[in-house]
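The structure under discussion appears below in the form of structure tokens.
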Amino acid sequence: MLSHLKEQPADKILMLMQAFREDPREDKIDLGVGVFRDAEGRTPIMAAVKEAEQRLWRAETTKSYTGLAGDPDYARALGDLILGDAVAPDRRAAIATPGGTGAVRQALELMRMAAPDARIWVSDPTWPNHLSIINHLSLGMQAYRYFDNATGHVDLDGMCADLAGMAQGDLVLLHGCCHNPTGANLTLGQWDKIADLIERTGAIPFIDIAYQGFGDGLDADAAGLRRLAARLPQMLIAASCSKNFGIYRERAGLLIAIAPDGDAAKRAQGTLSHLNRQNYSFPPDHGARLVTMVLTDDTLRADWQDELETMRQGMLSLRRQLADELRQRSNSDRFDFIADHRGMFSRLGATPDQVEAMRRDHGIYMVGDSRINIAGLNARTVPILAAAMIDAGL
Ligand code: LMR
């Protein structure tokens, strides 16, 4: 068996992490993988998370199994953070998952089980691992236009024209906020247009929200998703705590299924728990428990929100600095979209050759489609990137 295995395609983002590590240049700049960094280049443990860990260490008396769906308090607390009061709690089913990727995988497993002939519609472009998991599960996939390379903004007309082709029961994968890889997001009015289309076609929204709090704020980042949840009978949500709680390696995610009514939600709950059992039995608990502690303790929650807001403001400020720098150096406003984008990422619009030139000549690492991680920059490196972009011919 093992001697017949084929070489698997390498993940572009993980390959880039490796190449960066191996580059001996001291002044290299990592704008690759989506991990938050402060001005000193560190990925800190958030203070509220550290405090929760200390409390947990003192108070925890057992490491015995939780339930198959994980701790219900986690699903409630994180579900409330995401959904607010957009849907009645008895319409919600949820399972804890190993990270947001685990939630994406379980949602797609659910689709394969419940609607094997449906198609999943994905934005062009989307996070490469979405495509990889969809292919791995051999699901029918269809791309919809999303990003206008010329303007750096959402191509709403193209998106709506493509999504008008959705069939009843198809899934449409939307990024809740902070679109990865482009950084271009839907306005609330645009979310309403997409909701109209979903309602008209009978498709089912599947929202991946991995950066809540990194864009316009915790509630604003979930506002579009909440509009859909309040209006539509069914919806799936894959959420990650990696970024907004800074607990990447703890693998804390949540899959929420919103059902038309309480009875359907109970059946969905049973199915989701069954899927956990088939794939890994009990989900990891440590990160999920920290999140629950932070969200349900007023002091820890206020502290966490403050720190998250500081991180968000820092990324916004870097966006403005980079857009200003490029305005001066290019003598044009063609990079203003960087300040309009939200979240960790922006797609710069460089060709693969230009991306390669910036890596070769300046030690600047970004994903091949010219996605940069804004949080990889600081006040010193913003002008270096701007100069390298102009030098590469952007
Ligand atoms: C990213 O897009 O860089 C992150 O979501 C990390 C990953 O796993 O790809």
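Here, each number is a calculation from the coordinates, and none is a lab measurement. The model shown is predicted, which means the values in this text are computed figures rather than measured ones. Positions of Cβ are generated from backbone atoms using ideal geometry, with glycine treated the same way; all protein chains shown enter the neighbour counts.
State the antiparallel share, in %, of DSSP beta bridges confined to the chain, rounding to the nearest 5.
50
Just to confirm a number: summing +1 for Lys and Arg and -1 for Asp and Glu over residues other than ARG91 whose beta-carbon lies under 15 angstrom from that of ARG91, what do you get?
+1
Could you check which residue among GLU53, GLU356, GLU22 shows the biggest mean-square fluctuation in a GNM of the chain with a 10 Å Cα cutoff?
The residue that fluctuates most here is GLU22.
Starting from the Kirkwood radius over alpha-carbon pairs of the chain, derive D by Stokes-Einstein at 20 °C in a medium of 1.002 mPa s and give it in µm² s⁻¹.
Rounded to a whole number, D works out at 98 µm²/s.
Starting from 0.36 nm per residue, how many nanometres of slack lie between ASP353 and GLN168 once their C-alpha separation is accounted for?
Stretched out fully, the ASP353 to GLN168 stretch lengthens by 62.4 nm.
Could you tell me which of LEU139, GLN212, HIS153 has its Cα farthest along the dipole of the stretch 65-296 towards the positive end, charges placed at Cβ (Lys, Arg +1; Asp, Glu -1), taken about the Cα centre?
LEU139
Tell me, TYR65, TYR74, TYR365 in order of fewest to most beta-carbon neighbours within 10 Å?
Ordered from fewest to most neighbouring Cβ atoms within 10 Å, TYR65, TYR74, TYR365 come out as TYR65, TYR365, TYR74.
Only bridges whose two residues both fall in the stretch 25-164 count here: according to DSSP, what percent of them are antiparallel, nearest 5?
25
Loop by DSSP (not H, G, I, E, B), at most 10 other beta-carbon atoms within 10 Å: where is the longest site-free stretch of the chain for trypsin sites (Lys or Arg not before Pro)?
No qualifying site falls inside 64-379, the longest such stretch.
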